[in-house]
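Step one of this worksheet: look at the structure below.
Read the figures in this text as sums done on the coordinates, not as results from a lab. These numbers come from a predicted model, not from an experiment. Backbone-built Cβ (ideal geometry, glycine too); neighbour counts: all protein chains shown.
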Amino acid sequence: MQSPENLESVTVGSPDGALQAEFVPRANLLCRSLRHRGVELLYPGHGLAAYVTHGKTMGIPLLHPWANRLAGPAYEVAGKRVTLDGDGSGAEGRFPTDPNGLPMHGVLPSLLRWELESATTGPLVHRLAARLRWSSPPLLALFPFEHELAVEATVSDDALTLVTTLRATGGDRVPVAFGYHPYLIVPGAHRRDWRVTLGAARRLVLDDRMIPTGRREPLERREFLLGDESWDDGLDELTSPPLFAASAGDRAITVVFEEGYDFAQVYAPPGHDFICFEPMTAPANALISGDGLAFVAPGGEYRAAFSVRIIDRADREAGAP
């Protein structure tokens, strides 16, 4: 493929141009930037090249066909057994792994090249639609369920909304375990001053490899200052509507799970000025555990949507449109 840094991008903007999101269709439709009045709201990570070639996440990436970790390099689901790393080769480098060698974040972005189907015209594109066909042998070797994904991205004055639809196009029912990983920044404030709100009532108990054990426990704190705390927690029993937020000063960044996401992961490692509120259709390791796993029958579809919303009190007080 061409050099990752030279991949073309599409910018989707609000009618007034205040909010702009930049997508890279040939790099797993990554949302690499989200700017509000010129201020970046997403963590850039190690850059586009590291994301494409090594799966080092940044921006708002899609995690498919599994979100977060699997407990091992093999799974059995819907009557099919898949061995991801039978010869020790890392399945020819087709998926990233965590420090324990566990499969992480689905297939590498270099294999996931979306076709841009439509985009509204004008000074700024306000909507884009793209499609990914899961039918090639390299993809089916990792997830042997023929399907397609369709994503519609729209930008309003204060929100980016992503609608993802999985359609089962083959003769098998398709497990649904995708998610997104928004790396959010509250500009102009250190994380020690970020006030966090979590729209969930329970956390998933994890083992020492960060794999859910199947047990749940109450989420004791739903609002707190982030400070130097470390978070990498799976959550369920979400509020209605599920709303997760980080705020400081006059600005708040919220992630609202509109539909189809019954699980969340909160990720905020110490020493980094970002926080992730991850919408997930199933918890980590669902392809192995079956916990919370939905299926799409042949010819059917599964629709999921979430929004990243920006609240800027200074703009409101100044009467900005």
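Counted residue by residue at 0.36 nm each, then reduced by the alpha carbon distance between them, the extension gain from GLU258 to ARG37 reaches 77.1 nm.
Using Cα springs under 10 Å in a Gaussian network model of the chain, which residue among ARG113, ARG251, ARG221 shows the largest mean-square fluctuation? Largest GNM mean-square fluctuation: ARG221.
Sorted from fewest to most neighbouring beta carbons within 10 Å, what does the list LYS80, LYS56 look like?
Working: LYS80 12, LYS56 17.
Least to most surrounded, the residues fall as LYS80, LYS56.
Averaging over all projection directions, the Cα-based convex hull of segment 96-234 occupies 12.2 nm² in the image plane. From helices alone, the chain scores -1500 deg cm²/dmol at 222 nm; the rule is -39500 (n - 2.57) for each run of n ≥ 4 DSSP H residues, then divide by the residue total. For the chain, with a Gaussian network of springs between Cα atoms less than 10 Å apart, report the residue from ARG133, ARG215, ARG309 with the top mean-square fluctuation. Of ARG133, ARG215, ARG309, the most mobile in the Gaussian network model is ARG215.
With the convex hull of the Cα atoms taken as the outline of the chain, the averaged projected area works out to 16.1 nm².
State, as an integer percentage, the relative contact order of the chain based on alpha-carbon contacts under 8 Å between residues 6 or more apart. Worked out over the chain, it gives 18 percent.
Per the Debye formula on identical point scatterers at the alpha carbon atoms of segment 121-163, with no solvent, log10 I(q)/I(0) at q = 0.17, 0.28 Å⁻¹ is -0.60, -0.94. Looking at the chain as a GNM with Cα springs under 10 Å, which of ARG303, ARG209, ARG191 has the largest mean-square fluctuation? Per the Cα network of the chain with a 10 Å cutoff, ARG209 tops the list.
Here is the result for segment 227-321: no GluC sites (Glu not before Pro) lie in DSSP coil with at most 13 other C-beta atoms within 10 angstrom of their C-beta. Computed extension gain for GLU76 through GLU237, at 0.36 nm per residue and net of the alpha carbon distance, reaches 55.3 nm.
Residues TYR51, TYR302, arranged from fewest to most other Cβ atoms within 10 angstrom of their Cβ, appear as TYR302, TYR51.
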